[in-house]
Amino acid sequence: MKTTFTMIALMAMFTFTSCKKESDKEVTTEPKVEENKAPVAEKAPVFEPFKVMAVTHIVKDFDTWKKSFDEHESMRTANGLTKISVCRDMGNPNKVLIFLKVADLQKAKDFAVSPNLKEAMQKGGVMSKPEIVYADVVRFEESSAEFKDRIRVGHKVKDFDAWLKVYDAEGKETRAANGLIDRALSRNIDDPNMIYITFAVSDMAKAKARLNDPALKKIMTDGGVISKPVIDFYTSVD
């Protein structure tokens, strides 16, 4: 009997000791190997050239005109025109510049001489004959919303491709350092060597100084500019 009890006790001690040793063992797991996934670079949207209709005219009262302009959006849409921006000349706030994206050039030209548009303009208080330019936008870059002021330079060049090489050699970094942020580059549809360069302005004082800088005048001469530049100063309001 004593022997049996001793054996049972020994077996219990052995079992307890074995369980303790097993529980004391540190549980280890294989470290997770993270997959080395290369970040997928987002593709920049491919720019597609588009056509614009740029309209300039003087109105009796901007607020009255703007209300009428907004009311006729459906009429513009029906003729394939989409608003890009509405701007006011800095020297004359009642001089308005409107930039519209064109889906169908002939349709836009027909609309420009239509009685419906003439009537809408009269209702809005347009006082001058509209100046209309149709252009191909060959470059366009969005600018920060904080920069509402714009400068548009229009001039004729001897050869567009030759001029563009000189313009690109100047570099948009140089222009930006002088307060001129590249926004749009357009060519007149009827005369492709008549070009328009639009800048958003980050510093008007610097921008004006650059426009009068002899260094810029030399760049224009080297690029083959053959007409006196026409420069518009305006502010985007919509």
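Assuming R0 = 22 Å, what is the FRET efficiency of Asn94 and Ser114, from their Cβ-Cβ distance, to the nearest 0.05?
That pair, Asn94 with Ser114, gives E of 0.35.
At a Förster distance of 22 Å, what's the computed FRET efficiency of Asp61 paired with Glu131, Cβ-Cβ distance as r, to 0.05? Let's see the in-between values first.
Details: r = 20 Å, r/R0 = 0.90.
Computed FRET efficiency for Asp61 and Glu131: 0.65.
Under 14 Å from the Cβ of Asn193, count the other residues' Cβ atoms, weight Lys and Arg +1, Asp and Glu -1, and hand me the total.
-2
Find out how many positive minus negative residues lie around Ala177, taking Lys and Arg as positive, Asp and Glu as negative, among other residues whose Cβ is under 10 Å from that of Ala177.
Computed value for this residue: +2.
Heavy atoms only, probe 1.4 Å: what % of the accessible area of region 53-135 goes to carbon and sulfur, would you let me know?
Reported share for carbon and sulfur atoms: 51 percent.
Using 0.36 nm per residue of separation minus the Cα-Cα distance, give me the extension gain between Ala177 and Thr235 in nm, one decimal.
In short, 18.8 nm is gained.
Please work out how much length the chain gains when fully extended from Lys228 to Asn193, using 0.36 nm per residue of separation minus the C-alpha to C-alpha distance, in nm with one decimal. Walk me through the numbers on the way to the answer.
Values: separation 35, 0.36 × 35 = 12.60 nm, distance 1.36 nm.
Extending this stretch completely gives an extra 11.2 nm.
Averaged per residue, what accessible surface does region 105-238 expose to a 1.4 Å probe, in Å²?
In whole numbers, region 105-238 has 55 Å² accessible per residue.
Once you order the gyration tensor axes a ≥ b ≥ c over the Cα atoms, which shape class does region 84-159 get: rounded for a/c under 1.5, otherwise prolate or oblate by comparing a/b with b/c?
oblate
For region 140-187, with all protein chains present and a 1.4 Å probe, just round the carbon and sulfur fraction of the accessible area to a whole percent.
Looking at region 140-187 in its full context, I get 49 percent from C and S.
What does the net charge come to around Gly223 if you take all other residues with beta carbon closer than 13 Å to its beta carbon, with K and R at +1 and D and E at -1?
Working: positive: Lys156, Lys158, Lys165, Lys217, Lys218; negative: Asp159, Asp161, Asp168, Glu170, Asp222.
Value of the local net charge: 0.
Show me, for region 204-211, the HN-Hα J-couplings you get by feeding each phi into the Karplus relation (A = 6.51, B = -1.76, C = 1.60, θ = phi - 60°), rounded to Hz, glycine and proline as x.
5, 4, 5, 5, 5, 4, 5, 5
The values are calculated or read from the model by the stated rules, or taken from the named source; none is laboratory data. The structure displayed is predicted, hence computed values, not measured ones. Cβ atoms come from the backbone with ideal geometry, glycine included; neighbour counts cover every protein chain shown. When the accessible area is computed, the model is the full protein with side chains, heavy atoms only, and any ligands, DNA or RNA have been set aside. Shrake-Rupley method; radii C 1.70, N 1.55, O 1.52, S 1.80 Å.
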